[in-house]
1. Is it the case that some residue within the stretch 2-17 is more than 24 Å from the chain's Cα centre (by Cα) and surrounded by 15 or more Cβ atoms within 10 Å (Cβ to Cβ)?
2. For residues in the stretch 63-75 being closer than 20 Å to residue 96 by Cβ and surrounded by fewer than 18 Cβ atoms within 10 Å (Cβ to Cβ), which is nearest to the chain's Cα centre (by Cα)?
3. Would you mind stating whether residue 136 is buried (at least 18 other Cβ atoms within 10 Å of the Cβ), within 25 Å of residue 174 (Cβ to Cβ), touching a helix residue (DSSP H, G or I) at 6+ places or on another chain (Cβ under 8 Å) and hydrophobic (A, V, I, L, M, F, W, C)?
4. Give all pairs with beta carbons closer than 6 Å in which a residue from the stretch 300-311 that is assigned to a loop (DSSP other than H, G, I, E, B) meets a residue that is of a type in the set (A, V, I, L, M); count only pairs at least 6 apart in sequence or on separate chains.
5. Among the residues of the stretch 40-62, which ones are without any contact (Cβ under 8 Å) to a residue 60 or more places away in the chain and within 17 Å of the chain's Cα centre (by Cα)?
6. Mind counting the residues in the stretch 245-297 that are in a helix (DSSP H, G or I) and acidic (Asp, Glu)?
7. Hey, among the residues in the stretch 132-156 that are of a type in the set (S, T, N, Q), part of a loop (DSSP other than H, G, I, E, B) and farther than 13 Å from residue 9 by Cα, which one's modelled with the highest pLDDT?
8. Please indicate, with yes or no, whether at least one residue in the stretch 93-101 is assigned by TED's automatic domain parsing to the domain that holds residue 171 and not in a loop (DSSP other than H, G, I, E, B).
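The values are calculated or read from the model by the stated rules, or taken from the named source; none is laboratory data. This one's a predicted model, so the numbers in the text were calculated from it and none came from an experiment. Methodologically, a virtual Cβ is constructed for each residue, glycine included, from the backbone with ideal geometry; neighbour enumeration extends over all protein chains shown.
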Amino acid sequence: MKKFKTAIETLKIEARSIEYQLGHLDSNFGSAVSLIKNCKGHVVIVGLGKSGLIGRKISSTMSSLGIPSTFLHLTDGLHGDVGMLIKDDLVIMLSYSGETEGIKEILSVLKKIEIEVIVMTGKVLANVWQDSKHIIDCSVEKEACPYNLAPTSSTTAMLAMGDALSITVSKLKGFKKKNLAVLHPFGSIGKRLTTQACDVMRKGNRNPVVKQTAIVEEALFVMTSTGVGATSVVDNDDKIVGFFTDGDLLRHLQTDKNVLWKNITSVMTKNPKIVYCEKMAVEAAVILKKYNIDNIPVVDKDKKLLGILDQGDLLTEGFLN
């Protein structure tokens, strides 16, 4: 690990910088949460340079969690874009040093148009903040940069504090998983939030199934032809009564050479684990992982067989890792 010494030290310093923020969860943080929660307009994040990059991420996170937000570049704001603000908006001003050029000027403009401002900074006593009422301390003990100059720990801390604000307000506003699904219709998040077991399961000719009157040889043929390595067993109403895998077959063959001609009900697993069709695919994947199984039957509310979930398919679709 010697060759990773610098990397390890960097991560440790940045991790400590986040933990250090626990001491900054004070009345200022609380008042900021209240302002954001009660904001009737947009939460506008303003920043420049590295703080601007962090501001874009905070704004994006807020929007994802049901808090209407947008980012305003400080320089653009001073050249007319501040006109995008309306009285019901709220500004969160980001500057670790408080010495960023243009902050004093834009604060003056925001005061004139009566926009409430929350400050996130590492220098709470900087002169530029002397008239600010809501200041969140994001200071760190030191930067991860070996010269204690390049913004590293400070930007990490500011980003973490922004996440803390976003998630706290989102929870207070009653934001739920179903809301997240609406706001993320595409991409991996949307996929994990909207894809059900029935959307991923194998069905039709790809779904191995035998009647409870079948013998093991027939079950083996079905398992082989579908390439799943398991089969569901159903009654005359297509309700699941058992499950049989190639592992079960191997175990029985060790003690009974005539197992192929036995009725499937004598060797199947009765009352097997199942998932209902409306179960989220990601939740079904957790079940497979928890019980270390490769396949699981998918049923409707009456336990009628609909298909089978295969570990390989879940892996391919990104629900297993």
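1. Looking for residues that are more than 24 Å from the chain's Cα centre (by Cα) and surrounded by 15 or more Cβ atoms within 10 Å (Cβ to Cβ), one finds at least one in the stretch 2-17, hence yes.
2. 73
3. In short, yes.
4. So the pair list comes out as 300/306; 303/240.
5. 59, 60
6. 3
7. Filtering first and then ranking leaves 139.
8. yes
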